[in-house]
Amino acid sequence: MLTRRIVRIFVAALVSAVTTAGAAMPSVYAATASAHMQMFDVSHDPIQFLDSHVMEVAGAHVNGGCKFTVFLSRGPSEQRVGSQEIGRDPLACVELVRIGHVNAVSLPTGVNDRKAGDPCDDEFFGWYDPFGIKLTDVDTGGCFSYNGTYVGGCYQSYNSVYAESPTGWYVRYRNNGGSYYNSNYTQCYAWSAEQFENDTFCPAGSTYTNYYDNELIMQGNGWVGDGTSSWSSGQCTNLMHSWSNL
Amino acid sequence: MSSTFIAVGLWAGVVAGLALGAKAALTRDRMPAIRWGVTATGLITVLSWIGLFSVGPFLIVVAVVVTAVVVTRGLPIVVQVFAVGIAIITYWALTWGINATQRYSLIALPLLCCFAYVAALLTRGADRRIAG
């Protein structure tokens, strides 16, 4: 009698856990677009696309993860643009990314759209968990002038980082970088490099988010670009995804 | 199923876990309390794993406290308070206090809860005899 009760209770608990997993885990695992594609729950991200399309980005196996570079660009009077990782295939090293114009009001940072003649702009890149909580980010600003062909007066105005320290995230490596021109002065880069680490709660081992390099590209025609290469590596990386805006 | 629905479900799961835990803590009869408690503990454990980089290490304390309250149901209040205190200290030590156990705390704590529920079920017969 007692044994039957124990079995019944634990079967109920198991059903409860599986039901819960069924409700929650698909946000991370289930809506597979390919055999190994992990789809992410991105609906908590504070990024609202005004228009968008989904594209597949091929990455490169590096340092225990897949390194992806998503290029964004925007004209002087154009609305902010963003990218959002919605799926990742760690075996094929491919990710699905939504790209498009975003509602600047919804963004937590970098909400100041640059108008023609404004000297400064910024780009933001962050990693988030399934609950929509920010784990790490890098926010970089740059100022420049342009005359239709060349850039001048270029400098990195700031480079701020964030790590969700209560759960063990910390900056493992940081190079504040700076700025540099390309050879013909048609582009200028405000760059930095960062690596964040978490050794605390993933039972399988340490987890990393990498930003090598984090780049805001300022161009002679007045356009700006985001050429940040970022990837997660180590363990439990299927519990996080990234998004950025420029 | 839209991602918005799933995301709302994730946070709704947290609310449901808290509500089930409260229900378990407030239920006077021991067996129904254990059923509610086991359900709440299972739910919160899964959500803690999903949010292990953010809310998980904080959320799991709810499962630990609910377990302590439920398995000591019917015992003197001093014992119940003592059990909750031990549970919180254990949670703190495994999750935050001891570096070596942090990584495994979201596995170890649910296991301890599981053992506590089993122990409570196994001792239920003795309780009946005492009460009778």
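FYI, it's all coordinate maths here, none of it is from the lab. These figures come from a predicted structure and were not determined experimentally. Cβ placement follows ideal geometry from the backbone for every residue including glycine, while neighbour counts extend to all protein chains displayed.
Annotations for the structure displayed:
- Packing-based exposure ordering (other Cβ within 10 Å, fewest first) of B:W49, B:W92: B:W92, B:W49
- Modelled this way, with points 7 Å down the Cα-to-C-beta line, the labels at A:A204 and B:V118 are 2.7 nm from one another.
- FRET efficiency estimate (nearest 0.05) - Cβ-Cβ, B:I86 to B:A19, R0 30 angstrom: 0.75
- Rg and Dmax, both from the Cα atoms of region B:3-131 and both in Å, are 15.0, 52.
- Ranked list, fewest to most other Cβ atoms within 10 Å of each Cβ, for A:V62, A:V105: A:V105, A:V62
- Neighbour counts of other Cβ atoms within 10 Å put A:W243, B:W36, B:W11 in the fewest-to-most order B:W11, B:W36, A:W243.
- Distance between the modelled labels on B:A93 and A:V54, one decimal in nanometres: 4.9 nm (7 Å Cα→Cβ projection).
- The length gained on full extension between A:F71 and A:N175, counted as 0.36 nm times the residue separation minus their Cα-Cα distance, comes to 35.3 nm.
- The Cα center of region A:124-188 and the Cα center of region B:55-130 differ in position by 45 Å.
- Mean Kyte hydropathy of -1.0 or more with a Cα span along the axis of at least 18 Å, helices from DSSP in chain B: B:3-26, B:30-50, B:56-71, B:77-92, B:105-122
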